[in-house]
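Below is one structure, written out as C-alpha cells, with a few remarks after it.
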Amino acid sequence: MINSLRIFPEGKRNCYTLKPREGKNQNYYVRAFFYYGNYDSKNHAHKFDLYLGVNYWATVGVEDRQWKYYNIIHYSVTDTIYLCLVNTGFGVPFINGLDLRFMNDSPYRSKNGSLSPVEQADLGGHQTQSPIRYNDDVYDRTWRVDVNLIDSVSIGTETNIDIQGSDDPYRLPVEVLRTAVQPRNGLNSLSYNYTLVYTENFTPEFRVYFHFAEIEQIAPGKLREFTITLNGLKYGPFTLEYLKPLTKGPYKLQVPEDQVRFSIDATLRSDLPPILNAFEICILWPLPHSPTNQTDVDAIMAIKKAYKIDRVDWQGDPCLPLTTWTGLQCNNDNPPRIISLNLSSSQLSGNIAVSLLNLTSIQSLDLSNNELTGTVPEAFVQLPDLTILYLSGNKLTGAVPHSLKEKSNSGQLQLSLDGNLDLCKLDTCEKKQRSFPVQVIASVISVSVLLLLSIITIFWRLKRGRLNVLLSSSVGLSLSLKSKNQPFTYTEIVSITNNFQTIIGEGGFGKVYLGNLNDGRQVAVKLLSQSSRQGYKEFLAEVQLLMIVHHRNLVSLVGYCNEKENMALVYEYMENGNLKGQLLENSTNMLNWRARLQIAVDAAQGLEYLHNGCRPPIVHRDLKSSNILLTENLQAKIADFGLSKAFANEGDSHVTTVPADFEHQET
C-alpha cells in the first residue's frame, strides 16, 4: 500500500462511488490511508479535505515520510456512499488505500452522526508490538499499545478468555483483554486526559467506552471494586468476574473545553487496586447536510447514462458538497432539489430522455443546440415548476403539444423551439389536423374491437369447455408451493439490476427496475418498498397467484426474493412497454390495424382464461391499456394482478381489495 497511490490532478472534487450490497440504513466502517513518500519529487506537504457523502469528514495533512489513516463508523441513509477528496489549493489530493467494512450487528451505532474513533488504547501490552486489528478484531478496530496512563504498571496472563461465549457485544480481541494496567504500589487510582484538536465550529459530543476483564485469580474473601469518574460524573461501583469481559459505556459527553478526563478509583472497601484493560474515545461528527433528493439523483444518473455525459465533475452527489455539477443548480432545501439543468451544446443525440420528466422540481431546462430527435413530450406540461424550456437548434419532429403552446402563450413558460426544421409549431398544422382525428378514431375503434372480441371469445370458450386450475382460496404466509419459479437472494437481485441502476416503472409496492439474468434474459424486477402501503400478505398473495396461473397472454413470473425486509418479484421483460404508450398521440411507433386487432385478441384470450379457465374464476378488476404489456413482437400480455380476486364459487360476489402495482413501460 505504501508503494502505490492514486492522485487527482484534475477537478476540484473527485469521488469514489461505493455500493455495498447491504444497502442503505446500515453502519459501515470506513478507513482511508495516506502516505506521501515524495512521489512527485517536490518534497512538500499536502493538505486537502475529505468528505464522506455530502458532509465534511477531515482535513488530510501529510508530509514526506508521514503515514496517516482516518477511521469513521458511518451510518448511510443511501444505497450509494461517496468518498470525495477536495482540492483546497495546498497540493494535489491523493490516496493510498480505502477500506469499507459492513458493521453487521455492531454495538457502535448512531443515526445522528458519524462516529469517529480518536483513541483506541490497548493497555499493558508490549510497546514494540504492532497494533491489533482485523482479522484479530471482528470490528476492524485498530488497538494502539503506545498509550500510557500516569503511575501505572502492566499486568497480564496467558490464560484463554472465551470471547465467543461472552455476552459482551463489543467482542474485544483476546490479545487486548489478556493485558491490563493497575496503579503503582500504594496508589488506588488510574487517570487519563485527552484533548481534541479540531477546527470545526461546534461543541463536540464524545462517546467513551471502558473495557475490563479480571485476569488475576483473587484469593477467597478478597474484593476488587472500583468506580469510574468521567469529567466529574461518577459511575459505579463495579466488580469483575474472572476471565469474563465487561464493557461499560458508551458514556456520552458534550464538553465545551474539548477535553475528556477520567479516573478509575478503588472503593473504600476494595482490597485490590483497580484495573483497566482497554478504552475507547470516539467523537460524534454531526451530519448537517442531507444528500440530494433520491428521485432527483436517480433521474440525473439516468440522464448521464442515456446521453453518455462524461464531465470530470459529474461524480459524487449532484448538489453537494461545496459545488454542484456543471450545468446544474440546486435549491437550499434539506434535502436539496435540482431546479435547473443546462445541457446546451453538449452533443446530445437520440430522443428526449424520459428521465428528464422525473426532475419534478425543475424550473429551467436547456437542451438547445444538440442533435436531439423525435417528438416533444407532452408530459413537460406536468412539471409544476417548469418556467423555462429551451429546445431550439435540434432535429425534433412532429407537432408541438397543444398544452405546451397554451402554457407558453399564457406567459407561464418560456418555450424556445427555433431551429427544428421539421417541427410543426402552428395550430393549423395540417399534419396534426389529419393525424389527430385518425389516431382518436383508431383508439376508439381498437377499444371497441377489444371489448367485442372479449365477449365473443368468452362465449366461445364457455361452449368449448373449461380447464380447471386449482387455486388456494386463502393468502397464506409462506412460499412453500412447488413451482418452476426461481427463488433469488437479495444479493442476486442487486446483481441482476446492476445495483438498481435503471428504473422502468413505479407503483404502490415500490419501484420496478430493469434487470439481466446470467443467461442473458432481460427481466423486470419489482422491489417492495419499506414505505409501501401494501403489506407482506398482499405481496405473498400476488406471488402465489402468479406461481399457479400460466398463460401465454399473461405476464409470467420468473422468480421472487423473500428475505425478511427485502422482497422482490422478477417478471419477464416486455420490450414495447404498455398499450397506452403505443396509442398516445406522440408515440413514435404507430400501430397498424392488423397489430391492433391481434393485441385485442391476445388481451381477450388472457382475460377469458382468468374468467373461465381457472377454478375458482379470477376477476382482474383493473384492466386498462396501461396494464396490457407488449413483447418485442407486439404480443399482448395482461399484467398487474394486484387487484385480482379469486371467487370462492361462481355465485360469490364478495371481493377483497388488494392494491394494484405492477406496470413497467418504455417510451
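The values are calculated or read from the model by the stated rules, or taken from the named source; none is laboratory data. These numbers come from a predicted model, not from an experiment. FYI the Cβ positions are ideal-geometry reconstructions off the backbone, even for glycines, and counts take in every protein chain you see.
The residues in the range 256-278 that are surrounded by fewer than 16 Cβ atoms within 10 Å (Cβ to Cβ) and either β-branched (Val, Ile, Thr) or assigned to a strand (DSSP E or B) (or both) can be counted, and the count is 1.
Condition check ((1) modelled with pLDDT under 90; (2) more than 22 Å from ARG311 (Cβ to Cβ)) across all residues:
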{"position": "GLN363", "(1), (2)": "no, no"}
{"position": "THR373", "(1), (2)": "no, yes"}
{"position": "ILE388", "(1), (2)": "no, no"}
{"position": "LEU396", "(1), (2)": "no, yes"}
{"position": "SER403", "(1), (2)": "yes, yes"}
{"position": "LYS407", "(1), (2)": "no, yes"}
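ARG133 meets the conditions (1) more than 23 Å from PHE262 (Cβ to Cβ); (2) in contact (Cβ under 8 Å) with a residue 12 or more places away in the chain in every case but one. The failed one is (2).
Pairing each residue of the range 279-302 that is closer than 30 Å to TYR251 by Cβ with any residue that is surrounded by fewer than 20 Cβ atoms within 10 Å (Cβ to Cβ) and among the aliphatic types (A, V, I, L, M), provided the two are 6+ apart or on different chains, yields C-beta distances under 8 Å for ILE281/VAL118; CYS282/VAL118; ILE283/VAL118; ILE283/LEU196; SER290/VAL77. Looking only at the range 268-290, decide whether some residue is under 30 Å from LEU514 (Cβ atoms) and out of contact with any strand residue (DSSP E or B) (no Cβ under 7 Å at 6 or more places or on another chain). Yes, the conditions are met somewhere in the range 268-290.
Among the residues of the range 97-150, just one is at pLDDT 85 or above, among the hydroxyl-bearing types (Ser, Thr, Tyr) and either more than 26 Å from the chain's Cα centre (by Cα) or surrounded by fewer than 15 Cβ atoms within 10 Å (Cβ to Cβ) (or both), namely THR142. In the range 33-48, the qualifying residues are those that are in contact (Cβ under 8 Å) with a residue 40 or more places away in the chain and part of a loop (DSSP other than H, G, I, E, B), and the one that is nearest to the chain's Cα centre (by Cα) is TYR36.
Does LEU367 meet the test of being assigned by TED's automatic domain parsing to the domain that holds ASP258, at negative phi and not charged (D, E, K, R)? When the stated conditions are applied, LEU367 does not pass them. Of the strands (runs of 3 or more DSSP E) lying entirely inside the range 53-114, those containing at least 2 residues that are closer than 24 Å to PRO204 by Cα span 55-62, 67-76, 81-90. When ASN627, ASN649, ASN578 are screened for being in contact with a Leu (Cβ under 6 Å, 6 or more places away or on another chain) and either of a type outside the set (Lys, Arg) or modelled with pLDDT under 80 (or both), only ASN578 passes. For the range 62-96, the candidate set comprises residues that are β-branched (Val, Ile, Thr) and more than 24 Å from the chain's Cα centre (by Cα); within that set, the residue that is modelled with the lowest pLDDT is VAL62. If the condition is being assigned to a loop (DSSP other than H, G, I, E, B) and either free of Cβ contacts under 8 Å to residues at least 24 places away in the same chain or not assigned by TED's automatic domain parsing to the domain that holds VAL376 (or both), then the range 387-419 contributes SER410, GLY411.
Among the residues making up the range 142-172, those that are in contact (Cβ under 8 Å) with a residue 60 or more places away in the chain, among the aliphatic types (A, V, I, L, M) and in a loop (DSSP other than H, G, I, E, B) are LEU149, ILE161, ILE163, LEU172.
Taking the criterion of being within 22 Å of LYS24 (Cα to Cα) and β-branched (Val, Ile, Thr), the residues of the range 279-319 that qualify are THR292, THR295, VAL297, ILE300.
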